[in-house]
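These notes are about the structure you will find just below.
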Amino acid sequence: MSSQRRSAVAASARRISAMMLRHWYLLRSSWPRLLDLIYWPTVQMVTWGFLQFYVANNAGFFARAGGTFIGAVLLWDILFRGQLGFSISFLEEMYSRNIGNIMMSPLRPFEFIIALMMISVARLSIGAVPVTFLAIAFFGFNLYGFGLVLVAFFFNLILTSWAIGIFVSGLILRNGMGAENLAWSIMFVFMPLTCVYYPVTTLPGWLQPIAWLLPPTYVFEGMRALVIDKTFRPDLMIAALALNVILFAAGAFGFLKLLQGARRHGSLMQIGE
Amino acid sequence: MSQHPPIAVDQLVKIYNTVPAVDGISFTLAPGSITALLGGNGAGKTTTIATIMGLLTPTSGRVTVLGAQMPRQRYRVLARMNFESPYVEVPMRLTVRQNLTVFGKLYGVDDLRERIAELGRELDLTDLLDRPTGNLSAGQKTRVSLAKALVNRPDVLLLDEPTASLDPDTADWVRGHLERYCRGRHATLLLASHNMTEVERLCGRVIMLKRGRIEDDDTPAKLLKRYGRRTLEEVFLDVARGNDAIPREAAQ
């Protein structure tokens with residue numbers, strides 16, 4: 001690597017770390033923000049955990065499939081909180097009227113995206129890791145018992161969450177805060193379609209091909225195969241990864257096109273509705 | 001020092017839907033100059049400044065900053081530019097020092113710790129550095145925004161109403177600081193302001209915009225003479241109200 005290239009990479013890394021530092025300062029200064037990261041994942045895990053506990057004692061299948069609900073909740077949280085962590089970090093720049101400063105700074109769009117991805121992992125870790133320990137304490141469900149498979153699950157889910165987060169951020173840049181609600185709600189479209197809590201075969205026949213177009217579907221099917229049949233399905237993880245690569249590329253391309261549109265239409269100068 | 005003009009605007013047109021916000025303006029700024037962009041609401045000042053900053057793609061025409069075409073080649077020069085505008089804020093929950101640290105890193109400032117201390121001294125922010133920006137008064141926040149705009153020691157500085165919300169004494173002091181900064185660094189300053197005292201004090205050149213076109217462009221002294229007025233405010237009113245036809249014809 002030439003010295004010029006090395007210094008460009010170092011400058012890029014410094015800008016990414018600056019953005020991460022900015023959000024670390026923000027989180028550190030605001031306990032409600034920190035509490036919010038852990039509150040809902042805990043409530044959701046406890047609710048679904050007790051439901052699982054109840055049905056497991058009343059139905060043979062669920063007794064055999066112990067942990068599918070809690071596992072689904074924890075994996076769903078990676079998908080949902082990953083996207084939310086990305087989008088909220090982006091929205092913080094809009095709320096604080098700082099987006100103009102960022103867009104006018106030497107920070108490149110891809111550096112901004114990488115910084116938001118890293119921040120989303122940090123936020124997710126703050127919220128989700130303690131909840132996984134609570135799942136062990138409350139229900140004896142050890143997500144880490146998945147071993148290395150958990151890495152494949154996590155990587156695929158976080159890739160999907162970033163792809164969606166990137167695209168939604170582009171929509172907000174282009175259309176202003178009127179598109180903010182998408183950041184909060186878009187993932188819920190994925191909940192029924194990606195079959196978080198039930199097998200794909202539960203869906204009507206015409207909907208199943210659509211479900212199989214979504215990478216998280218493969219992860220949740222893979223999780224059920226692991227918990228119920230004690231089988232790791234690498235084919236599902238590879239298919240999810242392939243779809244994720246396409247989805248991520250589409251999300252990044254969409255973001256850049258929307259950013260171009262924002263520059264053309266003057267949306268970067270307006271931060272309101 | 002670069003041979004390219006700090007800012008060159010050539011036949012810039014920006015049309016939103018069918019409405020022209022800027023309609024074929026051209027000007028070039030000399031290195032080390034301080035220029036005011038004056039005009040009423042909707043005259044095209046913000047659009048012009050946003051295009052120079054690379055936040056807006058022109059419909060046609062060309063804008064270059066330090067030789068880089070905006071917005072296409074903006075990353076070649078953004079580290080040498082900076083801006084301050086009342087429409088943009090630094091994050092309020094962060095302390096002044098944290099904000100300056102983040103922006104200093106974004107702009108690649110090497111001696112950041114010393115630079116922050118220096119800005120603290122120069123802009124009277126030393127005692128405020130560890131306070132959350134949101135807890136400061138409007139005038140103190142304006143000084144923080146100015147510190148952010150100067151953190152990278154820019155060669156090209158774009159300021160929109162830099163002394164808004166400041167008391168007359170502090171405003172005068174800030175103007176003095178900007179003047180010294182531009183003289184010391186040979187930096188180029190483009191300023192949008194409605195404060196005519198400020199413009200007269202700081203600027204060697206005034207570009208007057210009206211409905212997206214340049215109505216006049218000269219030194220404050222020559223404008224006063226041409227319009228037969230005693231203050232720039234009176235000249236501004238003449239241009240804004242369309243009373244400028246007679247003096248301009250007379251000048252020709």
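Summary table
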| read-out | value |
| --- | --- |
| Volume in Å³ per residue [convex hull over Cα atoms, computed for the protein assembly as shown] | 168 |
| Cβ crowding within 10 Å averaged over residues, with A:119-128, B:96-105 ranked highest first | B:96-105, A:119-128 |
| Sorted peptide list for A:105-113, B:75-83, B:11-19, criterion being average Cβ within 10 angstrom, highest first | B:75-83, A:105-113, B:11-19 |
| Gyration tensor verdict on region A:224-268 (Cα atoms; rounded if a/c is under 1.5, prolate if a/b is larger than b/c, oblate otherwise) | prolate |
| Region B:36-171 shape via C-alpha gyration tensor axes, a/c threshold 1.5 | oblate |
| Rounded to 5, the percent of DSSP beta bridges in chain B classed as antiparallel | 55 |
| Other protein chain Cβ atoms within 10 Å, averaged over every residue that makes up A:104-114 | 4 |
| GNM top mover of B:T47, B:T142, B:T126 - chain B, alpha-carbon springs below 10 Å | B:T126 |
| Within 10 Å of each Cβ in B:84-97, the average number of Cβ atoms from other chains | 5 |
| Value of Rg/Rh across region A:3-269 [Cα atoms, Kirkwood radius] | 1.00 |
| Antiparallel DSSP beta bridges within the protein assembly as shown, as percent of all bridges there, nearest 5 | 55 |
| Rounded, prolate or oblate (a/c below 1.5 giving rounded, otherwise prolate when a/b exceeds b/c) for region A:106-205 by Cα gyration tensor | oblate |
| Cβ neighbours within 10 Å from other chains - mean over B:106-114 | 3 |
| Residue among B:Y87, A:V219, A:S185 farthest towards the positive dipole end of the protein assembly as shown, charges placed on Cβ | A:V219 |
| Lysine pair count for the protein assembly as shown [Cα-Cα under 15 Å; pairs on different chains or 8 or more apart] | 4 |
| Relative contact order %, chain B, counting alpha carbon pairs below 8 Å whose residues are six or more apart | 25 |
| Furthest towards positive pole of dipole, A:L247, A:Q260, A:V46, structure part region A:3-269, Cβ charges | A:Q260 |
| Packing rank of A:181-191, A:79-89, B:226-236, where each peptide gets the mean count of other beta carbons within 10 Å, highest leading | A:79-89, B:226-236, A:181-191 |
| Point-charge dipole on Cβ atoms (K/R +1, D/E -1) for chain A, about Cα centre, debye to 20 | 800 |
| For chain B, the spread of Cα positions along each principal axis, largest first, Å | 56, 40, 36 |
| Charge sum, other residues only, whose C-beta stays under 14 Å from B:E161's C-beta, Lys/Arg counted +1 and Asp/Glu -1 | 0 |
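Here, each number is a calculation from the coordinates, and none is a lab measurement. Since the structure is predicted, the reported quantities are computational estimates derived from the model, not experimental observations. Cβ atoms come from the backbone with ideal geometry, glycine included; neighbour counts cover every protein chain shown.
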